[in-house]
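*Asks:* Let me give you the structure first, and then I'll get to my questions.
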Amino acid sequence: MAITKVGMCGLGQMGSGIAEVVAKAGVTVIGYDVEDQFVQKGLGRINKSLSKAVEKGKLDESTKGEVLGRITGTTNLNDLADCDLIIEAIVENLEPKIELYKKLDGIVKKEAIFASNTSSLSIIEMGATTNRPDQFCGLHFFNPVPVMKLVEVIKTVATSDATFETARQFGEKVGKVVVSCADSPGFVVNRLLVPYLLDAIRALEAGVATKEDIDNGMKLGCGHPMGPLELTDFIGLDTIYYIGEILFAEFKQHHYASPPLLKSMVKAGYLGRKAGRGFYDYSK
């Protein structure tokens, strides 16, 4: 099936980024969020991102206008009825996701594909609550979406080959390199990345080295663009803590367990860049 119209559920940082790259690929996007203030904030984020691309000479004003013209915002789920693909990027919690999919299942045309942008939750648990588990998959983009070249396409035990192939081709159409993986917690990237980040926090907690030396060690010794503690601040300490909890609950292995320091910082509200403070101070 050709994907010509996409319903983007959730216009936060991830959802607005996905909507932007989809519209850049020439596909119509209907962006949904629960309140108009969130819709307008998401559309504003897209406009700002495109404006930066124009300033850097990566996009011209005419093309920017065309991209924005392909994106419409709404607070009414019924406006997504004739979409070919629904991508969900709402709060990383299973219950509200399932509630949303149950509503969408009765609204969106029966041949449409549903995809979650979850970074760690079970895709089949969501898909099994709909009448189209064979048309349900994962499409996990990475932040910031307009910059990061990767998308993980996740196939569950129920996902049909046709659905998976359509999702894979769609990932390539929007300019991403596709990594195919099974419906296992953390998929490929977070299953490998999160233990690395947690180990860096354990090293800091144990006094192995300062945060600066840990980050410089990985940047200069291993060629990483960001150190693990810098990266944790960028992603969000609460996000890493939450994903770690999901992975530990599934595998019961120590390297997925969150260290006490991470839990304490999350409880204190030191969530990283978005909060102005994490392992580093961003208040200035």
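The values are calculated or read from the model by the stated rules, or taken from the named source; none is laboratory data. For clarity, every value in this text was computed on a predicted model and none was experimentally measured. In this analysis, Cβ positions are derived from the backbone assuming ideal geometry, glycine residues included, and neighbour counts consider all displayed protein chains.
*Asks:* Is it the case, given these coordinates, that Ile87 is among the β-branched types (Val, Ile, Thr) and in contact (Cβ under 8 Å) with a residue 60 or more places away in the chain? Don't jump to the end; show me each part of the working.
*Replies:* Values: among the β-branched types (Val, Ile, Thr): yes; in contact (Cβ under 8 Å) with a residue 60 or more places away in the chain: yes.
In short, yes.
*Asks:* Look through region 217-248, keep the residues that are aliphatic (A, V, I, L, M) and without any contact (Cβ under 8 Å) to a residue 12 or more places away in the chain, and return whichever of them is surrounded by the fewest Cβ atoms within 10 Å (Cβ to Cβ).
*Replies:* Quick first cut of region 217-248, residues aliphatic (A, V, I, L, M) only: 218, 220, 226, 229, 231, 235, 237, 240, 243, 246-247.
After this cut, where a residue has to be without any contact (Cβ under 8 Å) to a residue 12 or more places away in the chain as well, the list is 220, 226.
Working: Leu220: 10, Met226: 14.
The extreme case among them is Leu220.
*Asks:* Go through region 170-183 and report how many residues are surrounded by 14 or more Cβ atoms within 10 Å (Cβ to Cβ) and out of contact with any strand residue (DSSP E or B) (no Cβ under 7 Å at 6 or more places or on another chain).
*Replies:* Residues in region 170-183 being surrounded by 14 or more Cβ atoms within 10 Å (Cβ to Cβ) and out of contact with any strand residue (DSSP E or B) (no Cβ under 7 Å at 6 or more places or on another chain): 2 in total.
*Asks:* I would also like to ask the following. Of all residues in region 146-167 being of a type in the set (Val, Ile, Thr) and at pLDDT 95 or above, which is farthest from Glu88 (Cα to Cα)? Steps first, answer last, please.
*Replies:* Our first condition is that a residue be of a type in the set (Val, Ile, Thr); within region 146-167, this holds for 147, 151, 153-154, 156-157, 159, 163, 166.
Filter once more, so that each one left must be at pLDDT 95 or above: 151, 153-154, 156-157, 159, 163, 166.
Working: Val151: 14, Val153: 14, Ile154: 14, Thr156: 16, Val157: 20, Thr159: 17, Thr163: 16, Thr166: 17 Å.
Out of the qualifying residues, it is Val157.
*Asks:* If you scan region 140-161, which residues turn out to be closer than 15 Å to Met1 by Cβ and touching a residue at least 24 places away in the same chain (Cβ under 8 Å)? Steps first, please.
*Replies:* So the first thing to find is which residues in region 140-161 are closer than 15 Å to Met1 by Cβ, and the list is 159-161.
Thr159, Ser160, listed by residue number.
*Asks:* Take residues that are of a type in the set (Val, Ile, Thr) and over 28 Å from Asp238 (Cα atoms) and tell me which of the strands (runs of 3 or more DSSP E) falling wholly in region 1-107 contain 3 or more.
*Replies:* Values: elements: 5-9, 28-32, 71-74, 85-88.
In region 1-107, 28-32, 71-74 are the strands (runs of 3 or more DSSP E) which contain 3 or more residues that are of a type in the set (Val, Ile, Thr) and over 28 Å from Asp238 (Cα atoms).
*Asks:* Then there is this: Using beta carbons and a limit of 7 Å, which pairs, at least six apart or on different chains, have the first residue in region 34-62 and farther than 20 Å from Asn143 by Cα and the second one among the hydroxyl-bearing types (Ser, Thr, Tyr)?
*Replies:* Pairs that qualify, where the first residue is farther than 20 Å from Asn143 by Cα and the partner is among the hydroxyl-bearing types (Ser, Thr, Tyr), are Val34/Thr75; Glu35/Thr75; Asp36/Thr75.
*Asks:* Which is at pLDDT below 95 and either under 25 Å from Pro259 (Cβ atoms) or surrounded by 16 or more Cβ atoms within 10 Å (Cβ to Cβ) (or both), of Leu193, Leu197, Leu121?
*Replies:* On the way: Leu193 fails: at pLDDT below 95; Leu197 fails: at pLDDT below 95.
Answer to the check: Leu121.
*Asks:* Ok, one more. What single numbered condition from (1) farther than 25 Å from Thr4 by Cβ; (2) of a type in the set (Lys, Arg); (3) at pLDDT 95 or above; (4) more than 21 Å from the chain's Cα centre (by Cα) fails to hold for Lys56?
*Replies:* Among (1) farther than 25 Å from Thr4 by Cβ; (2) of a type in the set (Lys, Arg); (3) at pLDDT 95 or above; (4) more than 21 Å from the chain's Cα centre (by Cα), the lone unmet condition for Lys56 is (3).
*Asks:* With respect to Ala206, is the statement that it is within 28 Å of Leu121 (Cβ to Cβ), loosely packed, with under 14 Cβ neighbours inside 10 Å and among the aliphatic types (A, V, I, L, M) true? Walk me through it before giving the result.
*Replies:* Numbers: within 28 Å of Leu121 (Cβ to Cβ): no; loosely packed, with under 14 Cβ neighbours inside 10 Å: yes; among the aliphatic types (A, V, I, L, M): yes.
No: the conditions fail for Ala206.
*Asks:* Next up: Considering only residues that are among the small types (Gly, Ala, Ser) and part of a helix (DSSP H, G or I), look in region 240-279 and name the one that is farthest from the chain's Cα centre (by Cα).
*Replies:* The extreme case among them is Ser264.
*Asks:* Restricting to region 193-216, give me the number of residues that are touching a residue at least 60 places away in the same chain (Cβ under 8 Å) and either touching a Ser or Thr at 6+ places or on another chain (Cβ under 9 Å) or outside the structural domain of Thr232 (by TED's automatic domain parsing) (or both).
*Replies:* Taking region 193-216 first, the residues touching a residue at least 60 places away in the same chain (Cβ under 8 Å) are 194-195, 198, 201, 204, 211.
Checking the rest, the ones that are also either touching a Ser or Thr at 6+ places or on another chain (Cβ under 9 Å) or outside the structural domain of Thr232 (by TED's automatic domain parsing) (or both) come to 194, 198, 201, 204.
Summing the residues that are touching a residue at least 60 places away in the same chain (Cβ under 8 Å) and either touching a Ser or Thr at 6+ places or on another chain (Cβ under 9 Å) or outside the structural domain of Thr232 (by TED's automatic domain parsing) (or both) in region 193-216 gives 4.
*Asks:* Looking only at region 94-106, which residues are within 17 Å of Ile243 (Cα to Cα) and either of a type in the set (Val, Ile, Thr) or touching a helix residue (DSSP H, G or I) at 6+ places or on another chain (Cβ under 9 Å) (or both)?
*Replies:* Selection gives Leu94, Lys97.
*Asks:* Which one is farthest from the chain's Cα centre (by Cα), of the residues in region 69-88 that are under 14 Å from Val39 (Cβ atoms) and not polar (S, T, N, Q)?
*Replies:* First pass over region 69-88, keeping only residues under 14 Å from Val39 (Cβ atoms): 71-77, 79-80.
In the following step, the residues that additionally are not polar (S, T, N, Q) were identified as 71, 73, 77, 79-80.
Numbers: Ile71: 19, Gly73: 19, Leu77: 21, Asp79: 23, Leu80: 20 Å.
Checked region 69-88; the qualifying residue farthest from the chain's Cα centre (by Cα) is Asp79.
*Asks:* Filter region 123-139 down to residues that are out of contact with any Ser or Thr (no Cβ under 6 Å at 6 or more places or on another chain) and assigned to a strand (DSSP E or B) and give me whichever is nearest to Ala19 (Cα to Cα).
*Replies:* Checked region 123-139; the qualifying residue nearest to Ala19 (Cα to Cα) is Leu139.
*Asks:* Go through region 153-182 and count every residue that is among the charged types (D, E, K, R), part of a strand (DSSP E or B) and within 17 Å of Met8 (Cα to Cα). Show your work before the answer.
*Replies:* Our first condition is that a residue be among the charged types (D, E, K, R); within region 153-182, this holds for 155, 161, 165, 168, 172-173, 176.
Cutting the leftovers down to part of a strand (DSSP E or B) gives us 155.
Filter once more, keeping what is within 17 Å of Met8 (Cα to Cα): none.
Going through region 153-182 one residue at a time, the tally reaches 0.
*Asks:* From the residues in region 25-41 that are within 11 Å of Asn76 (Cβ to Cβ) and charged (D, E, K, R), which one is surrounded by the most Cβ atoms within 10 Å (Cβ to Cβ)? Break it down stepwise before answering.
*Replies:* Filtering region 25-41 for residues within 11 Å of Asn76 (Cβ to Cβ) gives 30, 32-34, 36, 39.
Filter once more, so that each one left must be charged (D, E, K, R): 33, 36.
Values: Asp33: 23, Asp36: 11.
Among them, the one singled out is Asp33.
*Asks:* Kindly provide the set of residues from region 150-181 that are among the acidic types (Asp, Glu) and over 19 Å from the mean Cα position of the chain (by Cα), ordered by number. Reasoning before the result, please.
*Replies:* Here is the first cut: in region 150-181, the residues among the acidic types (Asp, Glu) are 152, 161, 165, 172.
Those that are among the acidic types (Asp, Glu) and over 19 Å from the mean Cα position of the chain (by Cα): Asp161, Glu165.
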